[in-house]
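To start, the structure itself, in structure tokens.
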Amino acid sequence: IHFTVIGKGDDMEQVTRNNLLYDYYSTLLTPRQRQFFELHFQYDLSLGEIGENAGVSRQAVHDLLRRTLNQLEHYEQHLGLAARDQQRSVLLEQLEQGIAKDEEKSSLLPLVHKLKEV
């Protein structure tokens, strides 16, 4: 799988996914990968700006971010934490809606709300 670095104005769904995967797996990245990822995706610095500040070429920043995105996707493919969390959220929402429809089980609704907070 090959991913490109997302720049300004690119697909917001991909940017959101990149940040979601970063939330789950950032601790598995090197400090430099974390720094460049945050500068580009969270602080919206261009590759050139990051390179200038770090004393490396724009291409070096691009390559590191591309490898970082590939690594994040690799972690997700093998560990699946983001997908499982998304499935859990969907199931909790369905459970909550089902309980809300059934008056007899409404005492379970507070438990569902607590599960959502975890």
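The values are calculated or read from the model by the stated rules, or taken from the named source; none is laboratory data. All values reported here derive from a predicted model rather than from experimental measurement. When we count neighbours, we look across all protein chains shown, and the Cβ atoms used for this are built from the backbone with ideal geometry, even at glycine. Heads up: the accessible areas ignore ligands, DNA and RNA and are worked out on the full protein's heavy atoms, side chains in. Shrake-Rupley method; radii C 1.70, N 1.55, O 1.52, S 1.80 Å.
Using the Karplus relation 6.51 cos²θ - 1.76 cosθ + 1.60 with θ = phi - 60°, the per-residue 3J(HN,Hα) values for segment 27-35 come to 5, 8, 8, 6, x, 5, 4, 4, 4 Hz, with x marking Gly and Pro.
Quick one: if you stick a label point 7 Å off each Cα along the C-beta vector at residue 114 and residue 38, how many nm between them? Those two pseudo-labels are separated by 3.5 nm.
Peptides 49-59, 17-27, 84-94, 32-42 ranked from most to least packed by the mean count of surrounding Cβ atoms within 10 Å: 32-42, 17-27, 49-59, 84-94. Computed from label points 7 Å out along Cα-Cβ, the spacing between residue 28 and residue 93 is 2.6 nm. Think of it as helices only: each DSSP H run of n ≥ 4 in the chain is worth -39500 (n - 2.57), and spread over all residues that comes to -22000 deg cm²/dmol at 222 nm. With 0.36 nm allotted per residue and the present C-alpha distance subtracted, the residue 77-residue 49 stretch has 6.9 nm of extension available. Set against the labelled values (1) 1.10; (2) 0.96; (3) 1.17, Rg/Rh (Cα atoms, Kirkwood Rh) computed from this structure falls on (3). Simple rule: put +1 on each Lys or Arg Cβ and -1 on each Asp or Glu Cβ in the chain, find the dipole, and look at 80, 16, 56; the Cα lying farthest toward the positive end is 56. Nonpolar atom fraction for the chain, defined as the carbon and sulfur part of the 1.4 Å probe accessible area, stands at 52 percent. Computed about the Cα centre, the dipole magnitude for segment 62-118 is approximately 180 debye when only Lys and Arg (+1) and Asp and Glu (-1) carry charge, each at its Cβ.
Taken about its Cα centre, the chain carries a charge dipole of about 340 debye when Lys and Arg each add +1 at the Cβ and Asp and Glu each add -1 at the Cβ.
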